[in-house]
1. Given (1) surrounded by 15 or more Cβ atoms within 10 Å (Cβ to Cβ); (2) touching a helix residue (DSSP H, G or I) at 6+ places or on another chain (Cβ under 6 Å); (3) under 30 Å from B:K48 (Cα atoms), identify the lone condition not met by B:S135.
2. Evaluate the following for C:T145: is it open to solvent by less than 20 Å² (accessible area, probe 1.4 Å), modelled with pLDDT of 90 or more and more than 27 Å from D:R176 (Cβ to Cβ)?
3. Do you know which residues across region A:31-60 are more than 18 Å from A:E119 (Cβ to Cβ) and more than 14 Å from DNA strand E (Cβ to nearest atom)?
4. Kindly indicate the residue of region D:38-76 that is within 9 Å of DNA strand F (Cβ to nearest atom) and of a type in the set (K, R) and also farthest from the other protein chains (Cβ to nearest Cβ) among those meeting that condition.
5. Taking region A:52-75 only, how many residues are part of a helix (DSSP H, G or I) and open to solvent by 30 Å² or more (accessible area, probe 1.4 Å)?
6. Can we say A:Q127 is within 14 Å of chain B (Cβ to nearest Cβ) and more than 21 Å from A:T171 (Cα to Cα)?
7. Name the residue that is farthest from DNA strand E (Cβ to nearest atom), counting only residues in region A:61-75 that are in contact (Cβ under 8 Å) with a residue 12 or more places away in the chain and among the aliphatic types (A, V, I, L, M).
8. From the list A:T163, A:T203, pick out the single residue that is crowded, with 17+ Cβ neighbours inside 10 Å and either farther than 30 Å from A:V45 by Cα or more than 7 Å from chain B (Cβ to nearest Cβ) (or both).
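The values are calculated or read from the model by the stated rules, or taken from the named source; none is laboratory data. Keep in mind that what you see is a predicted model, and the values were worked out from it rather than measured. Reconstructed Cβ throughout: ideal geometry from the backbone, glycine too, with neighbour counts over all protein chains shown. All accessible areas refer to the heavy atoms of the entire protein, side chains included, with ligands and DNA or RNA removed. Shrake-Rupley method; radii C 1.70, N 1.55, O 1.52, S 1.80 Å.
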There are 4 protein chains.
Amino acid sequence: MTDATTEITDATVSGAPPDDCPAAPKMRADARRNRARIIEAAREVFAKTGSLTQMDDVAAAAGVGVGTVYRHFPTKDQLMGELLLQKFEVILRLLREARELDGDPGERLLESLTRCAEEFQHDTATQQIMSGPQSAAVWDSAAPTVREVDAVSEELIAAGQKTGTLRADMTVMDIRLLMCGLASSMADPDLNPAWRRHMTLITDSLRPPARGV
Amino acid sequence: MTDATTEITDATVSGAPPDDCPAAPKMRADARRNRARIIEAAREVFAKTGSLTQMDDVAAAAGVGVGTVYRHFPTKDQLMGELLLQKFEVILRLLREARELDGDPGERLLESLTRCAEEFQHDTATQQIMSGPQSAAVWDSAAPTVREVDAVSEELIAAGQKTGTLRADMTVMDIRLLMCGLASSMADPDLNPAWRRHMTLITDSLRPPARGV
Amino acid sequence: MTDATTEITDATVSGAPPDDCPAAPKMRADARRNRARIIEAAREVFAKTGSLTQMDDVAAAAGVGVGTVYRHFPTKDQLMGELLLQKFEVILRLLREARELDGDPGERLLESLTRCAEEFQHDTATQQIMSGPQSAAVWDSAAPTVREVDAVSEELIAAGQKTGTLRADMTVMDIRLLMCGLASSMADPDLNPAWRRHMTLITDSLRPPARGV
Amino acid sequence: MTDATTEITDATVSGAPPDDCPAAPKMRADARRNRARIIEAAREVFAKTGSLTQMDDVAAAAGVGVGTVYRHFPTKDQLMGELLLQKFEVILRLLREARELDGDPGERLLESLTRCAEEFQHDTATQQIMSGPQSAAVWDSAAPTVREVDAVSEELIAAGQKTGTLRADMTVMDIRLLMCGLASSMADPDLNPAWRRHMTLITDSLRPPARGV
DNA sequence: CATGAATGAGATTTCATTCAT
DNA sequence: TATGAATGAAATCTCATTCAT
């Protein structure tokens, strides 16, 4: 990873709390610790139980009272949004890494899609949020990161199309469609075990088709 | 198509209420009318509100009391299951028709997948039920039809593989994965308009990939 | 049984529908048949399920529609009242028979209390009605018969006190208290098997106590 | 009575919440206050409306929301169970006191039965719960106390039989049968005023009958 | 600030009773 | 007249969110 990437990553990924939220840099030490514990606990319990997880469960898992959870995330949607944001920050990092690596950019993109999928693999909540009909508010805080993800993707797509690895008509929309679909099949216990097969089909559909575009 | 097949299709698709349900052939005229209204209303309101739709809303939309809804569908899951069942009956019919038509069976299959998708296109209810995380009971009544769908699909896949239209490693599981994914992206208002593009990608991914299986 | 008794029994017991009810002597043959079937079915299903039996169940057991049940018994309470009435008619008959028999009247009374209990033994509904807090309406139609039962009881008590078999301070109220209590313990699945023991205690408590009244 | 026994009695009777319930000693002051208010309100409203009392009514009577009632008693059965438990704790105390007193143990037992009855006298709720057909779960939390009551009763019975005060064939089951019966007649507004008479009959039936066992 | 008790608007489901067929 | 479909007022229980301690 280059320095440039690291800088961007740090600024965008790590701290990055929503402005209206007491996660500002000057947060008290214990508050920051609590916030971290809550997010960690939320990730685990949402991953297990999906979006029907209750706020009380998150609080219990974090070892704090519900009130504390609400102090940091005034809404269940905002808490889920934070989890989503963090996932997309990881995704963004993966794509940026792919962009910096040597080798065919198309292949790099396809490989990082698989890596992204691996991030979802055990995270029921993210699967459900990505696939399902959630309240729009969940996406609010992740939106800027999603836009960055799209930007990096576009670069990679363009480069991959030049080398002929990716189909000429491919756009970021394709990635959204397919990854949304993947998340959905992953969220289904029956289909989840076959997710790598699904990934293969997705990958193949993004290469130039045998019969031409 | 043979007469026998047609008969079976008709018999299975049109009436086809679950055995334990008051939709038996000899239902009273008004009851049958109400049942139809409830299903229609359910489809509409589920499309609007998603799976968090309430039974009261269905009843109100159908212009009947809740009790009436419950008389016809003793459980919310069973009502959702009925919506699913009806869609799958249509799908089954489409696939059977494809099987009987002349021309390359692989192409027939791919075309009928598109036709199936057209069935979902405006049916947010089914999209959400298919893509979302539902209690398993929702699938109960549709299960036999789903199995028949799989059976017909398998025939078409085998034939399509012989003529080289479909990839050699394709199975019905692929269809499930991809169609579940399609339903999911369709259910997202942002992605829905691009569903034909999603369908194209799906179709392409089921043909033999350029680089071989 | 003497003729006199038979006459009374016939008049009081068999026909005897409440005045506001279409069970009047001039009921149509099929209506009378239906009424009988309903009562019979109600007795069985109430005996099994107790007072939480539903009207639909009664109708189903009788092989008629709910509407028909309601034609004969405008209220669940009235249907239960009819069952109660019939039980008390049997009780009345038993007590009258006791009165006519030879031998010590006190012993006759105590024996018929046991016989009455045998009538309840398998009839959960009557047990519950007698012991539990039911809507007063249930007792309405049985009330006159209950009064007759009391009258006969009083005769037997007086006679039994003369021969010294029954305690001198005994009244019909004692019977009510004790039989209500018996019904209650019978209604409890744990206590029910011991009901004959309960009966023994009851019987003993109605004889002159060892230490005098 | 030894000091130890007294201590245990106190410990068991006063606080004594079920272990799985938020009534643990370290409950917040307001929570404990609310819990007490709920129990008190429940007793009143159950006394009035019987076991068809609704949780909403209890909540309203206690001046709290339904949610609060459910926080303390996750089930209606558990709430009723608590009422029962508290009564049986009083009963247990009465019997233990009887065991420690001087004088004939049989007489002590019979007297404490009357005292127990006095506890029910104005508590329609307990009367109905004891006499009526309740779901078995209602008895769950009181079960251990009931067993202790039985144990103490057995001691007293054995001692009372030795002195000839109690009938030779008496068992705890007799007490259950008779007290269940008493509760039932008490619950009936018509019979309630005569409950002391009922108690007399019960007492007499537990002494050796004149004609021998 | 943290806590977790309290809130109360629903959510699903039941069932005595009514009424169109 | 008989039928059984329709009714809808409860009843129990849940859970995101608030607020007193």
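1. The one condition B:S135 does not meet is (1).
2. Answer is yes for this residue.
3. A:T49, A:T53
4. Only one residue fits best here, namely D:K76.
5. 10
6. When the stated conditions are applied, A:Q127 passes them.
7. Among them, the one singled out is A:A61.
8. A:T203
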